[in-house]
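Enquirer: Okay, here's the structure, questions in a sec.
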Amino acid sequence: MNKILSLSAILLVVAQAAFPQINLKDYSISSYNKPKGDTSPSLVTATRQNNSYVDDIGTHPPLSPEELTSPRPYYYYYNTTYDSSEAYFFAEHIDHHNASQYEFRVRENHSTTVMPWTNITHFVTGDQAPKGGGKEMALLGGYKAGFGNYLGVDIRRKNSDSILAYTYVFWRKTQPVLLNIYTSNELNEFLRRLSISQLQKSSLAPEERKKWKQRYPPDEIDSASSLPKKLILSNDDNSLIFYLKGGPNQRRQLEYQLIKDGSPYMKWQQNDFDGHFIWLKNLPPGEYRLDMRYSIQPQHVTSYPFRIKPAWHQTAAFKLAAGSLIAAFFGFIILLLRARRQKQLLLAEQQKKGKLETEIKAIRSQLNPHFVFNALNSIQGLINMAEIDRANNYLADFANLMRDVLNGNNNENNELYREIQTLESYLKLEQLRFHFAYKIDTGKIINLSEIQVPSLLLQPLVENAVKHGISALQEKGRIEIVFSQINNDMLVRIADNGRGFNIHHTAQGYGLKLTRQRIALINEMSKMHSIVMDIDTGTGTTVNLIFKNWLG
């Protein structure tokens, strides 16, 4: 009774239900040469080409107990393939006229039934027939097994146990087998090996085995291959020939890649020579791994490690010493150049700083007349309104304010408390004109006398709050100046409850324009400190200044 199909066997089968058109030019045809005139059914096998093998000595599959006892002819054909594709089976002397008399089966490894006894229903002729011509023969289908497994095909007459024809195909696993290694100093030995007979090419001669035992201790020799487990070569032995045992005939089927120090040195490529050897030339020192495979079975890779030692001048110690001397020499040159460059930069920086300071002083000299002009307008207004007492008070306060301004005009920076006093004097004077309320809050900032800020930087912003903010509100106007600290930054907020103004239009005004220019110059002069100004004209106008790293 036929065995039930296993899942693994089902996966190996190419179903016979819809046979593809087979281009037999890509296949090798194998059959048993029967005596002339014998018209009994015989099997023909088609396996993929480009898998022929040198020194291919296959082992015939052992016959099963059933095969030993069941009637069958003494002759059969055994075929080996190295390709993962299907093998196609044809039955000669069976056509659509007599096919109803026969049946066939396919088994894996003599035991697992892949295809049970089945009627023959497909036929080929002409170019689709393995032997060509107009003679029709049966097509039994295409089947394949995993590497290391056999498929056997039997044909019998229906209602008979006698096997009329049978054949086997073995899917043989293959990968490169390294037989010997020759260095650039051993070319004569390599040439002698090329000249020996085909049969002797598959084994090492005693003298070839002996050379490795003389060079390496026993624990560093691989017992199976008689080769070093890892080849160690001097720097002048940097051309190697890896000689392989057997292999496919075609040169293009042997592929290899070379890994150096853990990274690809040569990517997978076809071999330049025949399938017997790989020749690597002029390799630099390093740790290598040669990976070899056949294109027909790229999943089966053979690897071999080797190392080429560096010359004395290529060693890490020499490179370190030489590198240190070279680095010291160039370091000395660089120090000289840097010193010269530093001197030039210092001179340029001093010139730049002097220029910036001159520009800042010019801006401050422009700022002061602007303030004086506004103050004199206020005095003139009081005199015209015949408010002589208030005018006198205004002149006295104006004199104090001008004294503070002139005292601070000689210094780029001034103590914070003096700047606050100047703002206080200015707001008192403007308060006489517009009757607004103001508040100056220094919060938790202490040591106002130790904090240096740019002289008269805040005064134009406060003046802007008066002129464009609360001047029209009179006693309803409010101005608030708040000093606060966040880490090493000082924040100054100048806010008014006026109607606000168009920033883009007012930014062209004299005071605000000069203040922006001055902040830009201050930021350009200092790498440690900077000032950021932001104006918000939502409800009223709020000017926020951040003095970065000013308190550190």
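Enquirer: Would you confirm whether or not segment 393-404 contains a residue that is assigned to a helix (DSSP H, G or I), of a type in the set (Gly, Ala, Ser) and crowded, with 19+ Cβ neighbours inside 10 Å?
Expert: no
Enquirer: Name the pairs whose Cβ atoms lie under 6 Å apart, with the first residue in segment 186-199 and within 24 Å of residue 236 (Cα to Cα) and in the same structural domain as residue 212 (by TED's automatic domain parsing), the second among the hydrophobic types (A, V, I, L, M, F, W, C) and at pLDDT 80 or above, and 6 or more positions between them or separate chains?
Expert: 190/241
Enquirer: Sticking with this structure for a sec: Could you please find all residues in segment 503-535 being modelled with pLDDT of 90 or more and in contact with a helix residue (DSSP H, G or I) (Cβ under 9 Å, 6 or more places away or on another chain)?
Expert: Hits for segment 503-535 are 530, 531, 532, 533, 535.
Enquirer: Out of all the residues in segment 446-457, which are part of a loop (DSSP other than H, G, I, E, B) and free of Cβ contacts under 8 Å to residues at least 60 places away in the same chain?
Expert: Within segment 446-457, 446, 447, 448, 449, 450 qualify.
Enquirer: Being assigned to a helix (DSSP H, G or I) and either closer than 30 Å to residue 282 by Cβ or at pLDDT below 60 (or both) narrows it down to one residue among 350, 366, 342; which is it?
Expert: Of 350, 366, 342, the one residue that is assigned to a helix (DSSP H, G or I) and either closer than 30 Å to residue 282 by Cβ or at pLDDT below 60 (or both) is 366.
To keep it simple, each residue is scored yes or no on (1) among the aromatic types (Phe, Trp, Tyr); (2) at pLDDT below 85; (3) over 17 Å from residue 246 (Cα atoms); (4) surrounded by 14 or more Cβ atoms within 10 Å (Cβ to Cβ).
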{"site": "183", "(1), (2), (3), (4)": "no, no, yes, yes"}
{"site": "186", "(1), (2), (3), (4)": "no, no, yes, yes"}
{"site": "195", "(1), (2), (3), (4)": "no, yes, no, no"}
{"site": "201", "(1), (2), (3), (4)": "no, yes, no, yes"}
{"site": "205", "(1), (2), (3), (4)": "no, yes, no, no"}
{"site": "213", "(1), (2), (3), (4)": "no, no, yes, no"}
{"site": "218", "(1), (2), (3), (4)": "no, no, yes, no"}
{"site": "221", "(1), (2), (3), (4)": "no, no, yes, yes"}
{"site": "224", "(1), (2), (3), (4)": "no, no, no, no"}
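Enquirer: Tell me, please, whether a residue that is at pLDDT 85 or above and among the hydroxyl-bearing types (Ser, Thr, Tyr) can be found in segment 307-316.
Expert: No: segment 307-316 contains no residue that is at pLDDT 85 or above and among the hydroxyl-bearing types (Ser, Thr, Tyr).
Enquirer: Out of everything in segment 439-475 that is touching an Asp or Glu at 6+ places or on another chain (Cβ under 7 Å) and closer than 30 Å to residue 386 by Cα, what residue ends up being surrounded by the fewest Cβ atoms within 10 Å (Cβ to Cβ)?
Expert: Among residues in segment 439-475 that are touching an Asp or Glu at 6+ places or on another chain (Cβ under 7 Å) and closer than 30 Å to residue 386 by Cα, the one surrounded by the fewest Cβ atoms within 10 Å (Cβ to Cβ) is 439.
Enquirer: I've got another one for you. Go through the residues of segment 446-464 one by one and say whether even a single one is of a type in the set (Val, Ile, Thr) and touching a Gly at 6+ places or on another chain (Cβ under 9 Å).
Expert: Looking for residues that are of a type in the set (Val, Ile, Thr) and touching a Gly at 6+ places or on another chain (Cβ under 9 Å), one finds none in segment 446-464, hence no.
Enquirer: Kindly evaluate residue 108 against the criterion of being under 24 Å from residue 21 (Cβ atoms) and modelled with pLDDT under 95.
Expert: No, not satisfied.
Enquirer: Sticking with this structure for a sec: In this structure, is residue 472 assigned by TED's automatic domain parsing to the domain that holds residue 519 and part of a helix (DSSP H, G or I)?
Expert: no
Enquirer: Can you confirm whether segment 256-276 contains a residue that is surrounded by 12 or more Cβ atoms within 10 Å (Cβ to Cβ), farther than 30 Å from residue 310 by Cβ and among the aliphatic types (A, V, I, L, M)?
Expert: no
Enquirer: Just the residues that are part of a loop (DSSP other than H, G, I, E, B) and either of a type in the set (Phe, Trp, Tyr) or farther than 18 Å from residue 207 by Cβ (or both), please, taken from segment 223-237.
Expert: Answer for segment 223-237, where residues must be part of a loop (DSSP other than H, G, I, E, B) and either of a type in the set (Phe, Trp, Tyr) or farther than 18 Å from residue 207 by Cβ (or both): 223, 224, 229, 230, 234, 235, 236, 237.
Enquirer: List the number of the failed condition for residue 154; all other conditions in (1) touching a His at 6+ places or on another chain (Cβ under 8 Å); (2) more than 30 Å from residue 205 (Cα to Cα) hold.
Expert: Answer for residue 154: the failing condition is (1).
Enquirer: Please go through segment 508-552 and pick out each residue that is touching a strand residue (DSSP E or B) at 6+ places or on another chain (Cβ under 7 Å), farther than 24 Å from residue 449 by Cα and small (Gly, Ala, Ser).
Expert: If the condition is that a residue be touching a strand residue (DSSP E or B) at 6+ places or on another chain (Cβ under 7 Å), farther than 24 Å from residue 449 by Cα and small (Gly, Ala, Ser), then 540 is the only one that fits.
Enquirer: Taking interchain pairs and intrachain pairs at least six residues apart, which have beta carbon atoms under 7 angstrom, with the first residue in segment 223-235 and touching a residue at least 12 places away in the same chain (Cβ under 8 Å) and the second in a loop (DSSP other than H, G, I, E, B) and hydroxyl-bearing (Ser, Thr, Tyr)?
Expert: 228/216
The values are calculated or read from the model by the stated rules, or taken from the named source; none is laboratory data. Just so you know, these numbers come straight off a predicted model, no measurement behind them. So basically every Cβ, Gly included, is an ideal-geometry build from the backbone, and we count neighbours across all protein chains shown.
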